[in-house]
Every structure is written in C-alpha cells, then in structure tokens.
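Engineer: Sending over a structure as structure tokens; questions will come in a sec.
The values are calculated or read from the model by the stated rules, or taken from the named source; none is laboratory data. Just so it is clear, the structure is predicted and the values come from calculations on it, not from any experiment. No Cβ is skipped: glycine too gets one built from the backbone with ideal geometry, and neighbour counts run over all protein chains shown. Side chains included, ligands, DNA and RNA excluded: accessible areas come from the protein's heavy atoms. Shrake-Rupley method; radii C 1.70, N 1.55, O 1.52, S 1.80 Å.
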Amino acid sequence: MKKVFVINGGAGRVICALPALQKYYKNHGPDFYILSESGIEFFVGHPELQDLAFELNHKGLFEDIIKPNDLVTIEPYREHGYYNQKKSLSQSFDKLINNTDDHSDLEKPKIVLSKMEEINALDAVSNVRDYHKKKKTIVIQPFGRSCSLHKTGHTIDPSSRSLSTDDYFYISEKIRRKYNLITFSEIKFDNDENMYVETNIRQWSAIIEAADYFVGIDSVGQHMAYAFNKPGSIILGSTFAENISYPKHFNILEKKGIKKKYSPIRIDGLDGELINRYNDTCMDFTRKELDDITNKILVDAKKKIGE
C-alpha cells in the first residue's frame, strides 16, 4: 500500500511542499502519490515528482489511486511547530511527510521551466528594460489572493497581508527611479507606470527567475523567488517571517512598534477572525515608515544586484 499525500491550499503552499516531497522521494523512491487540490502546475517538468502528482479531476483517480492506497492529508497549519512559530511551512511539511525534526537536509523547491517559458520571460524583461530604460529589473507583488479592489479604487485585504493602493504606488515610484519594475498582480490600475504581463502562474515564476530582484508580501511570489535563489525584500503584515518566509534569505521589513498575534486560520475560525481584527493595522504605514521601507529595499537591492 502506497501513501497518497493530499496537498491543499494555493500555489505557494504547493511550492513549500516540494522540498519535503523531494526528500521523501530520495529516501523511498517513487513509492507514493501526490494529490494536489489546487492543480499540478509546479509538478510539471519535475524530474522526480511529475508522474506521481494528480489533480482532483484526473479520470479514475478514486478507483486507481486513492482506494487501493493510504490517503494522508497534509495540513502544516495544524502542526505544532508551525503554530508556535518554531517551523516554516516547508519545515512543517517535512515534519508531516518525513516524520522528522531534522530539516537541515531540505533542498530548495525545484521548479523546472520549459525553454518556451524561459524565452517568454526574457522577452518580458527585455520589454520592461526598453520601457523604463534601466539596467536591472525588479518584480513587485503588492497584493495577495485575499486582496480585492473596492469600488473606490482602493485595495482591501481583511488578512492585513497586502499593501494598500497608495502605498504600492508610493513605493513603486521611488523604486522606478533606479530600476525597471514589473507588477505581479491580478489587480491592475490604468494609471500605473509599472509594466504588467498577462500570463499564467508558471510564467510568473519564469519572469521572477529572469529578473534581478523581487519585492513582495506574504504570497506566492516570494516562494518562487526563493526557489530560484533570487534576492529580495518581503514586507510582512499579520504573519510571521518564521512561518511563511525565509528570514535568512530575504530582507524582511515590518511595521515597527506593533505587536501582532498569530492567527490560527485553518484551526479555529472564530479565533482567527478576532485576531485578524487585532492585526488590522499591521500594514498601515505612515509616510515616514514608507520612506524607511523603500530606502531599505533600495539599499538591499543595490548591495545585491547593483543599479
């Protein structure tokens, strides 16, 4: 009987699960399956995992894959180390999949791009270089999946993880003085001077790989940047760097002088909602704070990639 690891959540969680699944393959070979509820985009092309990963709508999934085997639902948010800020998402996946607290052998997530994806990404970077006339290119992801655009034209994120519209424009204007800027977002503004690209989630990973630096929030882009070893700055609101980011790799930026609480989402709905209210102001920045954040981004970018 084989294990069938069920991975739920968005693309970011799938990418974070890759190191633990790669490790399981290394130790056990192809004697397991993966059921990814959000799709198999980031298993495509993976030399070890591609043939082991299935989507929910795969024909014969239940009779052929699930019924004869042992279905194991992997939920890192319910792992003790994670909800006590002792483990990252990748480490919690490792604990649940490989039953270990030794995460020293975890590799980076392996995202394998096609030649066409790489060529299209290089074209996008070339286009923004022609547009902004700078040498180096930065991809910025200002909004997460929980963010929406209000009829007033302002973004709203009840989880306090995304930048506000005004803060995004303010930071972008200062970064554009030094760098080409591509915005990774489903929310778009007609008066935005950043470049947008209409494409899919895998192609965005290719664009981040082709760019020089990444600026983001608690969302999928930072996991892509980490997978490709790209330097970057991550602006965090209500979530903890130890859980959802890579503080040894990225330049982590947070609002000073504010105490936030862990939100037990996927564990306790009521507590999570109440704590979301407590953390409401985690991404509310004064102009002085925005200047400080932007300056730290520019200093780190200059150090890592030059100008």
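Engineer: Got a sec? Which helices (runs of 4 or more DSSP H) wholly within segment 1-103 have at least 3 residues that are surrounded by 22 or more Cβ atoms within 10 Å (Cβ to Cβ)?
Structural biologist: So the answer is 11-28, 89-98.
Engineer: Out of everything in segment 236-278 that is within 13 Å of ASP218 (Cβ to Cβ) and either β-branched (Val, Ile, Thr) or in contact with a Gly (Cβ under 7 Å, 6 or more places away or on another chain) (or both), what residue ends up being modelled with the lowest pLDDT?
Structural biologist: ILE265
Engineer: Given segment 136-232, what strands (runs of 3 or more DSSP E) lie entirely inside it while holding 3 or more residues that are of a type outside the set (Phe, Trp, Tyr) and closer than 26 Å to LYS248 by Cβ?
Structural biologist: 137-140
Engineer: Something else about it: Scan segment 105-125 residue by residue and report those that are more than 20 Å from the chain's Cα centre (by Cα) and open to solvent by 40 Å² or more (accessible area, probe 1.4 Å).
Structural biologist: ASP105, SER114, LYS115, MET116, ILE119, ASN120, LEU122, ASP123
Engineer: Among the acidic types (Asp, Glu) and open to solvent by less than 60 Å² (accessible area, probe 1.4 Å): is that true of ASP157 in this structure?
Structural biologist: When the stated conditions are applied, ASP157 passes them.
Engineer: A further question follows. Out of segment 221-263, which residues are open to solvent by 20 Å² or more (accessible area, probe 1.4 Å) and in contact with a Phe, Trp or Tyr (Cβ under 8 Å, 6 or more places away or on another chain)?
Structural biologist: TYR226, LYS230, PRO231, PHE240, TYR246, HIS249, LYS255, LYS260, LYS261, TYR262 - these are the residues of segment 221-263 that are open to solvent by 20 Å² or more (accessible area, probe 1.4 Å) and in contact with a Phe, Trp or Tyr (Cβ under 8 Å, 6 or more places away or on another chain).
Engineer: Would you check if ILE187 is closer than 28 Å to SER114 by Cβ and crowded, with 22+ Cβ neighbours inside 10 Å?
Structural biologist: No.
Engineer: Scan segment 163-175 and tell me whether some residue there is polar (S, T, N, Q), in contact with a Phe, Trp or Tyr (Cβ under 9 Å, 6 or more places away or on another chain) and modelled with pLDDT of 95 or more.
Structural biologist: Yes; the residues of segment 163-175 include at least one that is polar (S, T, N, Q), in contact with a Phe, Trp or Tyr (Cβ under 9 Å, 6 or more places away or on another chain) and modelled with pLDDT of 95 or more.
Engineer: When segment 135-152 is examined, which residues are found to be free of Cβ contacts under 8 Å to residues at least 60 places away in the same chain and either open to solvent by 80 Å² or more (accessible area, probe 1.4 Å) or over 29 Å from SER88 (Cα atoms) (or both)?
Structural biologist: LEU149, HIS150, LYS151, THR152
Engineer: Moving on. Output the number of residues of segment 245-265 satisfying the condition of being free of Cβ contacts under 8 Å to residues at least 24 places away in the same chain and among the hydroxyl-bearing types (Ser, Thr, Tyr).
Structural biologist: Total satisfying the criteria: 0.
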